Structures are given as structure tokens and as C-alpha cells.
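Encoded as C-alpha cells, the structure appears first; notes follow it.
The values are calculated or read from the model by the stated rules, or taken from the named source; none is laboratory data. If you're wondering where the values come from, they're calculated on a predicted model, not measured in any experiment. When we count neighbours, we look across all protein chains shown, and the Cβ atoms used for this are built from the backbone with ideal geometry, even at glycine.
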Amino acid sequence: MSHDSDQRLVEAVRAGDATAVAEFLAGGANPDVAASRFQGPVIVDAARDGRLDLVQLLMDAGASIGPSGHFNVTPLRVAMLEGRAEVVRHLLAHGALATETVKRTSLLTEAVSYTRHRPGPAAVDTLRVLLEAGATPHPAEEALLITGVVGPVPPVVLRLLLAHGADPDQKRSDGTPAIVIAARHGDDAAVDTLVEAGADVNAGDRQGRTALMHAVERNERRVIATLLTAGAATGTVSSDGMTALQLARGWQRQNVQFMLGERQVGLDSVPIERTFVRIIPAAARLAGDPPMLHLLASAIDIALEDLGDDEWDTRTGVDAGTARAVALRLRDEITPATHGSWYELPVTADELAAPRSALVELAYGTTRAMPDGVDRWALTDLLEELDRQLGR
């Protein structure tokens, strides 16, 4: 058949013209013709576009569904990546899974990962189709649940894997349980999903550190609450002699100490074995729109006026003069970001403490005055968002 006829087939596939595709195939066009010099065969294009009718026509004409090109591209993998569940189902029914190469990440592992990178109902539906077809990871790959927790993927994906037989107590190749990985990541949704599926809430890693211990050390309070309400043991001792409470004391995490049952807490210097490196920045950059940055300035002004300099110094530990200077800078020195649409102000750690301390006073202290048009809940939300970024 002539090159002209093959090229017309390529154009018909690109246009999604099923009638023309059938006509050119009937006339002898090559069903494996490449879409271009650097692209795979036209069936790959049809699969990518989710055109099951075109895929069927090409397959009926003898098109190959195996790997092609330097990257071993297959219509099945392309359809999976694009979330074309019906095309995936059709290709699987015609043996496409057996044509996948072991030189690439397994189709199933990649499908799990793609629910994170390109989330949506189509990605979940495609993963479900692969699971129902019996697809498996390569022997050297991590178990799917571990891939999902490490991702991390949305909880719906973890529930889907668990519904298809994944072990909620699955361990990574180094012996770390999935629930511990989720706790280290601060993924309370994944922790809750695993607990609901029956995971051992007290499972430990190779050092005997439980999910609760890791969550405590990283100050992941939502994870801590999830684990404690699920019955996590607070008195477990790791192989290096640590307990959750010791770790909380060693990092001076007072709120966590209360969560663990302490009645009185302090800032004692308690030596512990740490598995976590905390970043304590000496400088920062506040970024936002001018009204939000001006709001921080107003919070400082109000708190200073209400408390007075001496009380402010005592309650916050921040010099009142420094606080006033920061408020002035927040109004007069913010500048547009070089490569963004927001405004910025570089601040030292001491300067950053001023707006945060002001928010604490307005949200939880005795100060009753509020910036114009802002209520206490809005300031509480802003404070919590800052604290999350600061790892408090």
C-alpha cells in the first residue's frame, strides 16, 4: 500500500474519523503505521484519545498492541496514563497485559502512582479495571499499599487496594509498617484508613518505634489524635529505650504531652534518641497579598496597645520595639515578588515571632479588640496556618 494511503490513515485517526479509518484499513493501509517519525503507531494515538472504536478497528485489522519505540510504549500503558478505563478494559481482554515489558515500572504500580500525580475519577476507575484483571507489580517492586502510602495517594485509592486484598499490616522492604510510614508523613487520613482496615496500631519498625512515637517526634497532632482514639499504647518502649512521652518531653512538645495524659508540663531538658531533624530557620519571608500582610501589622498594633509594652514583653518574649518596627515594615516595606503575583517581606526569626505572638493574644488571650472586619475565628485560622508551616 502506498505511503499516501498510510498517511491518510494517520490523519483519519488524529481527526477521530472512524468512517475514514475503516475505509483506509479496508483499502490496505498499514494498521501499524507510525503517527510520525518520533511517535508510536496510530493505535497509541487512538488509545491516548480514548477512542475505543478506533482501537477496535485497528486491532481487527491486525495492529500490534505490543511495545514500540525506544521507550517501549504500548497502547495499554498510554490508555492507563490518560485514564481511559474502557480502552484499558478492551486491551486487557485481548491479552495486552502479557505484552508489557519488565524493563519499565509495572503497569499497576504506575497506575497507583498516577492517582496522585493526575488525580480524578478516571484514574481510580482505570486502577480498578487493572486490579480486577489481576495485574500485579513486578517482583522487585514494593507492595502496592506501600507505594500508595509513600505517594501519598488519596484515601479512596488505599481503600480500593485494601478491598482488593492488600494487607493493612503490609511492611516496606526494610520492615517498616505502612501505618508507621503514614504517621511519619503526617498523613492522618491514611492512618485512619489503615486503622479502619484492621492495621495493628502498635506495630513498630526495626527499632521498635511505633506510629505514635514517630508522630509525636514530628509533632503530627492529627495523627497522634487518630492513633490515640484507635487505642495506640502510650507506654511502648522502643529498642533504644524511648517512649512516646519521653520523645514529647525531649522535643518540648507541651501540647503533645497533654494529649498523652500529662497533667503538668514544662520545658525541661530531657535527653532522648532522636530520629528527626528539625529545621529552625534564622530568617523567613512572609508572602501574601497586601491586605493580609497589613492585617498582621494591625494585630501587632492592637495587642501592643491593649497589653502595654511591659505586659507584651512578659507575655510574648518579644521586644515591644521590635514588634512596632515589624508592624511598620509590614505596612511600608512589602514589595512585589520577583517571579510571582504576591508581595513579600524578609524577616528574621525574632521579627516573625512578633505577628505570631500578636495573633496568639488576639485569638486566645485577653485582648478583645479586633482589626476592622475580622473576627476571632479568622485570626485563629491564620495563626494555625502559620503554626503548621513553622512545625509547631
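Could you list, in sequence order, the residues of the stretch 329-366 that are of a type in the set (Asp, Glu) and more than 22 Å from Arg392 (Cα to Cα)?
Asp332, Glu333, Glu344
Quick one: Ala283 ticks every box in (1) in contact with a Leu (Cβ under 9 Å, 6 or more places away or on another chain); (2) at pLDDT 90 or above bar one, so which box is it? Only one criterion is unmet by Ala283, namely (2). Within the stretch 287-309, being among the hydrophobic types (A, V, I, L, M, F, W, C), closer than 20 Å to Arg331 by Cα and either outside the structural domain of Leu379 (by TED's automatic domain parsing) or in a helix (DSSP H, G or I) (or both) holds for Met292, Leu293, Leu295, Leu296, Ala297, Ala299, Ile300, Ile302, Ala303, Leu304.
When Val201, Val195 are checked against the criterion of being of a type in the set (A, V, I, L, M, F, W, C), more than 18 Å from Thr147 (Cβ to Cβ) and in a loop (DSSP other than H, G, I, E, B), Val201 stands alone in meeting it.
The number of residues in the stretch 161-185 being in contact with a helix residue (DSSP H, G or I) (Cβ under 6 Å, 6 or more places away or on another chain) and part of a helix (DSSP H, G or I) comes to 8. If you go through the stretch 211-252 and pick out every residue that is part of a helix (DSSP H, G or I) and among the polar types (S, T, N, Q), you end up with 3. Cβ-Cβ under 9 Å, sequence separation 6+ or interchain: first residue in the stretch 317-331 and assigned by TED's automatic domain parsing to the domain that holds Asp306 and at positive phi, partner part of a helix (DSSP H, G or I) and surrounded by 17 or more Cβ atoms within 10 Å (Cβ to Cβ). Which pairs? Sorted first by the residue in the stretch 317-331, then by its partner, the pairs are Gly317/Ala353; Gly317/Ser357.
So, in the stretch 229-276, of the ones that are acidic (Asp, Glu) and loosely packed, with under 14 Cβ neighbours inside 10 Å, which residue ends up modelled with the lowest pLDDT? Even if it seems obvious, please write down each step before you answer.
First, the residues of the stretch 229-276 that are acidic (Asp, Glu): 240, 262, 268, 273.
Subsequent filtering for residues that are loosely packed, with under 14 Cβ neighbours inside 10 Å retains 240, 268.
Details: Asp240: 93, Asp268: 80.
Here the answer is Asp268.
Here Asp309, Asp372 are screened, and the one residue that is loosely packed, with under 15 Cβ neighbours inside 10 Å, more than 18 Å from Ala283 (Cβ to Cβ) and modelled with pLDDT of 95 or more is Asp309.
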